[in-house]
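Student: Starting off with a structure, shown below.
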Amino acid sequence: MNHRLPSFALILAMLLWGSSFIALKYAINEMHPVWVIFGRMLLATFCFALVFKVVMKFRYQAGDWKRLAIMSLCEPCLYFVLEGEAMRHTSAGQAGMITALLPLLVAVMAWFSVGERVNRNMIIGFATAIAGVLWLTLAGTADAHAPNALWGNFLEFLAMICAAIYSINLKHLSSRYPALTLTAFQAFCGAIFFAPMLFWVPIPESVSGQALLAIVYLGVVVTLGAYLLYNYAISKVKVTAAAGYVNLIPVFSLLFAYLLLGERLNGQQMVAAGVIILGVVISQWRIKESAGAVGKVIEDENNTAIVAVKG
């Protein structure tokens, strides 16, 4: 196997996820997040329907419905409810920075779910990163990009918790089902989940071509492309190799937010962003020197591994 392919897939997936904050921001400026997410899921489902025979090439294993249900409930369902609402209150750049917490959250989930030991550096790193997030949030002032950053960033943090639970279950399932099948299943469940909500949110009076293009990008390029790339890569590489790539998401999101939305972080927020990254580095420092990697979950016993992902 060409070992460069999974690495390239991960980098491209992180770039697409980093850009998704900007596309989501464009779309929700004109319509309720539920319409945006439903459109995204519906488009992805339609794309998978075109290759239905390929998607259905799998062998179901008894009992997997529980993991499939938890995986899909956490992401895309609850994840996008939280992130869609978060983007109404905070900036794309700040939301992107919060994704840097994902590897640490995954480690905490590993500790709760399978008793994976959390070492001192993980605890220090997690505390440092959380402090950075609070500083990033409180150092900003309300503006058009972030009218209520405290609430928006908290919702994005809850979305990351959902992503961590999703990742645990995904890695287990990725050894049993094709990446295409799992991605299609997520898109279909997302469309079903969000469809009834349309009756409870206002119908947009008018939608620009830019907003529609953003939804198409989210549904076809991000939901379809990024998840396929990620699901493929995570079935090929170890958790320790994949976890580090997650930290590219806030870098890409800040870059795109600056270039496309004109968002700016003030001096304190730039330092706070550095504190978040420092916390992640501290948490992984001991991990790289020993076998206790972020998200490594007793693979020899149950073939389960964890990696964090942005959805």
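The values are calculated or read from the model by the stated rules, or taken from the named source; none is laboratory data. Values in this document were obtained by computation on a predicted structure and should not be read as measured data. Heads up, the Cβs are rebuilt from the backbone with ideal geometry, glycines too, and the neighbour counts pull from every protein chain shown. Surface accessibility is based on the protein's heavy atoms, side chains included, excluding ligands, DNA and RNA. Shrake-Rupley method; radii C 1.70, N 1.55, O 1.52, S 1.80 Å.
Student: By the scheme Lys and Arg +1, Asp and Glu -1, what is the net charge of all other residues having a beta-carbon under 11 Å from that of ALA211?
Tutor: 0
Student: What ranking do 156-168, 268-280, 61-73 get when scored by the average of other Cβ atoms within 10 Å per residue, highest first?
Tutor: Ranking, from highest mean packing down: 156-168, 268-280, 61-73.
Student: Using the reciprocal of the averaged 1/r over all distinct C-alpha pairs, how large is the Kirkwood radius of the range 132-258 in Å?
Tutor: Result for the range 132-258, one decimal place: 17.5 Å.
Student: Report the local net charge at ALA139: Lys and Arg +1, Asp and Glu -1, summed over other residues whose C-beta lies under 15 Å from its C-beta.
Tutor: Around ALA139, the surrounding residues sum to -1.
Student: Any idea what diffusion coefficient the range 24-82 gets from Stokes-Einstein, in µm²/s, Kirkwood Rh on alpha carbon pairs, 20 °C, 1.002 mPa s?
Tutor: 158
Student: Where in the chain are the helices, taken as whole DSSP H runs, whose Cα atoms extend 15 angstrom or more along the long axis and whose Kyte-Doolittle mean reaches at least 1.0?
Tutor: Passing helices, by number: 4-28, 33-49, 102-114, 120-138, 149-174, 179-194.
Student: Based on C-alpha coordinates, I'd like the Rg and Dmax of the chain, in Å.
Tutor: When restricted to the Cα atoms of the chain, Rg and Dmax are 18.5, 57 Å.
Student: Based on alpha-carbon centroids, what's the gap between the range 34-93 and the range 98-160 in Å, whole number please?
Tutor: Taking the Cα centre of the range 98-160 as reference, the centre of the range 34-93 is 23 Å away.
Student: Heavy atoms only, probe 1.4 angstrom, no DNA, RNA or ligands counted: give me ARG264, ARG120 ranked by accessible area, highest first.
Tutor: Largest accessible area first, the list is ARG120, ARG264.
Student: Now, a different point. How big is the shadow of the Cα convex hull of the range 1-135, averaged over all directions, in nm²?
Tutor: 11.6
Student: To the nearest 500 deg cm²/dmol, what mean residue ellipticity at 222 nm is calculated for the chain from DSSP H runs of n ≥ 4 alone, each contributing -39,500 (n - 2.57), summed and divided by the residues?
Tutor: -20500 deg cm²/dmol
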